[in-house]
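Participant: Dropping the structure in here first, questions after.
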Amino acid sequence: MTPSTTDKIYLVGFMGSGKTTVARALGRRLGWRVIDLDEEIERREGRTISQVFAEHGETYFRKVEREVLLAFLPARHAIVATGGGTFIQAANRADILADGVTVWLDAAFHHIVDRVPSDGRRPLAADREAFAALFEERRAVYRLAHMRLDAQGRVEALVERLLHKLG
Ligand code: S3P
């Protein structure tokens, strides 16, 4: 599938793959707006994601996540840093793929483990065995993105590689 527009970029990938950092750097480079879905969810809910999970559960979180995604569909000249689970939901995935160029930031699991503490800030990272299984399971879905970008290396170099791929 090819996206209908090239004035919007979605970054998808597992927790700790660098979506937010790359989105900010890319936003500065292109002069585009950066939308971080996790931040927008926290703003809307007035509490942290771990509080949303703890108080309302994952099903509620996914509902809010979808609503926030839909609210930003009209935004153009924008980079969207999704949450690790956003693209996994089939309805979200269809909307994302149709709305902009979707880039999978593919990071190795050992880098992810270093970057994502099991301190409860990311509810799905607390159980390390389940976390590893989720990583494997989700790769098959992230692969459906329009492009794959190796997430290793300095953010500036990564942004240059991405811009080169985008042409
Ligand atoms: C999640 C990833 C998190 C956040 C929530 C659920 C997931 O975002 O949306 O904890 O299902 O992978 P990051 O990928 O930005 O950590």
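Participant: Run the numbers on the chain and let me know its relative contact order in percent, using alpha-carbon pairs under 8 Å that are six or more apart.
Facilitator: Contact order relative to length: 36 percent.
Participant: Please work out the FRET efficiency for the pair residue 89 and residue 7, using the Cβ-Cβ distance as r and a Förster radius of 22 Å; give the result to the nearest 0.05.
Facilitator: About 0.40, to the nearest 0.05.
Participant: What order do you get for 147, 15 when you list them from fewest to most C-beta neighbours inside 10 Å?
Facilitator: Working: 147 13, 15 20.
Lowest count first: 147, 15.
Participant: Express in nm, to one decimal, how much length is gained between residue 156 and residue 140 on full extension, taking 0.36 nm for each residue of separation and deducting their alpha carbon distance.
Facilitator: This chain segment gains 3.0 nm when fully extended.
Participant: Counting other C-beta atoms within 10 Å, and keeping those with at most 16, which DSSP coil trypsin sites (Lys or Arg not before Pro) do you find in the range 91-167?
Facilitator: Taking the range 91-167 and a limit of 16 other Cβ atoms within 10 Å, the loop trypsin sites (Lys or Arg not before Pro) found are 121, 143, 154.
Participant: Right, here's the next one. Is the shape of the range 20-89 best called rounded, prolate or oblate, per the rule: a/c under 1.5 gives rounded, else a/b larger than b/c gives prolate, else oblate, with a ≥ b ≥ c the square roots of the Cα gyration tensor eigenvalues? Intermediate results must be reported in sequence, preceding the final value.
Facilitator: On the way: a/c = 2.28, a/b = 1.94, b/c = 1.18.
In terms of gyration-tensor shape, prolate.
Participant: Moving to a separate point now. Within straight cross-link reach of residue 165, meaning Cα distance under 18 Å, which aspartates and glutamates are found once same-chain residues fewer than 8 apart are removed?
Facilitator: 7, 106, 150, 156
Participant: Moving to a separate point now. Just name one of 12, 46, 147: the one whose Cα is farthest towards the positive end of the charge dipole of the chain (beta-carbon charges, Lys/Arg +1, Asp/Glu -1).
Facilitator: Towards the positive end, the residue furthest out is 147.
Participant: Helix-only mean residue ellipticity at 222 nm, the chain, DSSP H runs n ≥ 4 weighted -39,500 (n - 2.57), per residue, nearest 500. What is it?
Facilitator: It lands at -15500 deg cm²/dmol.
Participant: How would the range 8-166 be classified by its alpha-carbon gyration tensor: rounded, prolate or oblate, with rounded meaning a/c under 1.5 and the a/b versus b/c comparison settling the rest?
Facilitator: The shape class here is oblate.
Participant: Let me ask something additional. Please give the length that would be gained between residue 127 and residue 54 if that part of the chain were fully extended, namely 0.36 nm times their separation in residues minus their C-alpha to C-alpha distance (nm, one decimal).
Facilitator: On the way: separation 73, 0.36 × 73 = 26.28 nm, distance 1.49 nm.
Extra length available between residue 127 and residue 54 comes to 24.8 nm.
Participant: Suppose every K and R has +1 on its Cβ and every D and E has -1 on its Cβ; what is the size of the dipole of the chain about the Cα centre, in Debye to the nearest 20?
Facilitator: About 480 debye.
Participant: Still on this structure: Hey, rough spin-label estimate for residue 24 and residue 147, points 7 angstrom out along Cα→Cβ, what's it come to in nanometres?
Facilitator: 2.2 nm
Rule-based calculations on the coordinates, nothing more; no lab input. The shown structure was predicted, so the numbers you read here are calculated from the model rather than taken from an experiment. As a convention, Cβ positions derive from the backbone with ideal geometry for all residues, glycine included, and neighbour counts pool all protein chains shown.
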